[in-house]
Structures are given as structure tokens and as C-alpha cells.
1. Is it true that some residue in segment 33-43 is open to solvent by 90 Å² or more (accessible area, probe 1.4 Å), under 17 Å from the mean Cα position of the chain (by Cα) and either closer than 25 Å to residue 92 by Cα or at pLDDT below 95 (or both)?
2. Any residue at all in segment 80-89 that's acidic (Asp, Glu) and open to solvent by 30 Å² or more (accessible area, probe 1.4 Å)?
3. Kindly indicate which of 80, 101, 93 is within 27 Å of residue 58 (Cβ to Cβ) and polar (S, T, N, Q).
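The values are calculated or read from the model by the stated rules, or taken from the named source; none is laboratory data. Because the structure is a prediction, the values reported are computed rather than measured. Cβ coordinates were reconstructed from backbone atoms using ideal geometry, including for glycine residues, and neighbour counts include every protein chain displayed. Just the protein is used for accessible areas: all its heavy atoms, side chains included, with ligands, DNA and RNA removed. Shrake-Rupley method; radii C 1.70, N 1.55, O 1.52, S 1.80 Å.
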Amino acid sequence: MYPFRLEPAFKDYLWGGTRLRDDYGKKCDYDKVAESWELSCHKDGNSVIADGEAKGMTLAAYIEKEGRAVLGTNCSRFENFPVLIKLIDAKDNLSVQVHPNNDYAMRVEGEYGKTEMWYIVEAEEGAGTEYSHSQRRGICQNAGVIQTETGPHPEREVVLFLHFIVWVIHR
């Protein structure tokens, strides 16, 4: 295996903006670029190898061809590649995102649930997020948590993004 660059998959959801293309140099012809999936083997948007011998091959196809050993020992317990890294440009409010846990997701959707980590790159004045979970609920303003309380749904987490650029890593 050699180090290679990946070309992202893009999503043009209604709430997206133009900053991923205009300010961050993402090469995409969509009017709105809501998400750039930088590292993905997800069926809805696979990263494509950008250089070297495997240029043009999807990351999922490369892993299948070369064998799961290319992922290292920590990924061997997962049937599917477990990481999705994306950039999000939320120009408008996102719809409420409901992410089931692994048990529910595998049973109903045939794929893993999501454990998320957010890294907010920049945010407009007044931007924020809301996060709710069975164990805690946090409302974030300008990337700082200002409230926590118990939420009602142990089988899913709810995420609402409001006007910012964010790295999202799903595992």
C-alpha cells in the first residue's frame, strides 16, 4: 500500500452553501455544496483514489481488491469500513438529524449507526448546534456548550446544525 490522495463525494442538500467550493477550493459543479465526504466507503458516496496505480478506483473497491489487511488490525472487527469524514457547509438550518445506535441501525437499515465527533472550523455570528441524547442534551452557541440536561430517546441521537462550517467524523 502506498500513500494516496482521495477525491471526495459531494452532496447538494437544500441547506448547503457555496463556501466549500468558493473558499475551500473543492472542485464541484453543484450550485450548493452542502457536504464534501473526504474519506468514505459509504454506499451513498464513495471516495475515489486520485493518484498512483489505483487512480480512479473507489476506496471501497481498493479495500476489496487489496484485502482488509490494508485497514490495519483495529478495523478488522467491522464488516464495513467504519469511518466517514466530511466537511459540511450549513448555509441554512439543517433538518433534524436522527442517528440510531448500531443495534437498531443494523436491524432496520443494514448498516452501522453513527458516533459523531465535530470540529467546527468557523462559524458565523449567532451560529450554533443542538445535540440531544438519552443521557445528556447540550445546546452549543459559537462552539461552546452552554446547557446540559437529560434527553428522552436512548436508541437515537438528534443533531441540528445551524449556519457553520464543520468537520464531521462518523465512526
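1. Of segment 33-43, the ones open to solvent by 90 Å² or more (accessible area, probe 1.4 Å) are 43.
In the following step, the residues that additionally are under 17 Å from the mean Cα position of the chain (by Cα) were identified as 43.
Retained after the next criterion (residues that are either closer than 25 Å to residue 92 by Cα or at pLDDT below 95 (or both)): 43.
Checked segment 33-43: at least one residue is open to solvent by 90 Å² or more (accessible area, probe 1.4 Å), under 17 Å from the mean Cα position of the chain (by Cα) and either closer than 25 Å to residue 92 by Cα or at pLDDT below 95 (or both).
2. Of all residues in segment 80-89, those acidic (Asp, Glu) come to 89.
Within this subset, residues satisfying the condition of being open to solvent by 30 Å² or more (accessible area, probe 1.4 Å) are none.
Taking every residue of segment 80-89 in turn, none turns out to be acidic (Asp, Glu) and open to solvent by 30 Å² or more (accessible area, probe 1.4 Å).
3. Values: 101 fails: within 27 Å of residue 58 (Cβ to Cβ); 93 fails: within 27 Å of residue 58 (Cβ to Cβ).
After ruling out the rest, the residue left standing is 80.
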